[in-house]
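Visitor: Sharing a structure below in structure tokens format, with a few things to ask.
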Amino acid sequence: MAIWRGPDGILVETIVLDRRPCLRVSQVVNGRRYHQAYCGLAELAQYVDLADLVEVILFPRVPA
């Protein structure tokens with residue numbers, strides 16, 4: 001699953017909804033997460049400038 005972060009607390013995640021891939025757009029405001037939309041790549045530009053998105057890479061934890 002890929003995750004991208006944008007300005008103003010925008011978070012974009014790839015998910016599967018009704019057996020179809022789509023993007024979930026949410027925004028974090030004052031520590032709370034608010035759902036903005038489920039959309040495709042074409043509609044994503046309505047919520048955030050695609051050039052501002054940065055991919056979040058999750059590294060596995062190394063046991064101590």
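The values are calculated or read from the model by the stated rules, or taken from the named source; none is laboratory data. Because the structure is predicted, anything quoted here is derived from the model rather than measured. With ideal geometry, Cβ positions are generated from the backbone for all residues, glycine too; neighbour counts draw on all protein chains shown.
Visitor: Of the conditions (1) at pLDDT below 90; (2) outside any loop (DSSP other than H, G, I, E, B), GLU55 fails just one. Which one is it?
Guide: That leaves (1) as the condition not met.
Per-residue answers, yes or no, for (1) touching a Pro at 6+ places or on another chain (Cβ under 8 Å); (2) touching a residue at least 24 places away in the same chain (Cβ under 8 Å); (3) surrounded by fewer than 15 Cβ atoms within 10 Å (Cβ to Cβ):
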position	(1), (2), (3)
ILE10	no, yes, no
VAL16	no, no, yes
ARG19	no, no, yes
ALA42	no, no, yes
ALA51	no, no, yes
VAL54	no, yes, yes
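Visitor: Name the single residue, out of those in the range 1-43 being among the small types (Gly, Ala, Ser) and over 26 Å from PHE59 (Cα atoms), that is modelled with the highest pLDDT. Break it down into steps so the answer makes sense when it comes.
Guide: First pass over the range 1-43, keeping only residues among the small types (Gly, Ala, Ser): 2, 6, 9, 26, 31, 37, 40, 42.
Going one step further and asking which of them are over 26 Å from PHE59 (Cα atoms), we end up with 37, 40, 42.
Values: ALA37: 94, GLY40: 90, ALA42: 88.
Only one residue fits best here, namely ALA37.
Visitor: Taking TYR38, is it among the aromatic types (Phe, Trp, Tyr), under 13 Å from the mean Cα position of the chain (by Cα) and either loosely packed, with under 10 Cβ neighbours inside 10 Å or outside any strand (DSSP E or B) (or both)?
Guide: It is false that TYR38 is among the aromatic types (Phe, Trp, Tyr), under 13 Å from the mean Cα position of the chain (by Cα) and either loosely packed, with under 10 Cβ neighbours inside 10 Å or outside any strand (DSSP E or B) (or both).
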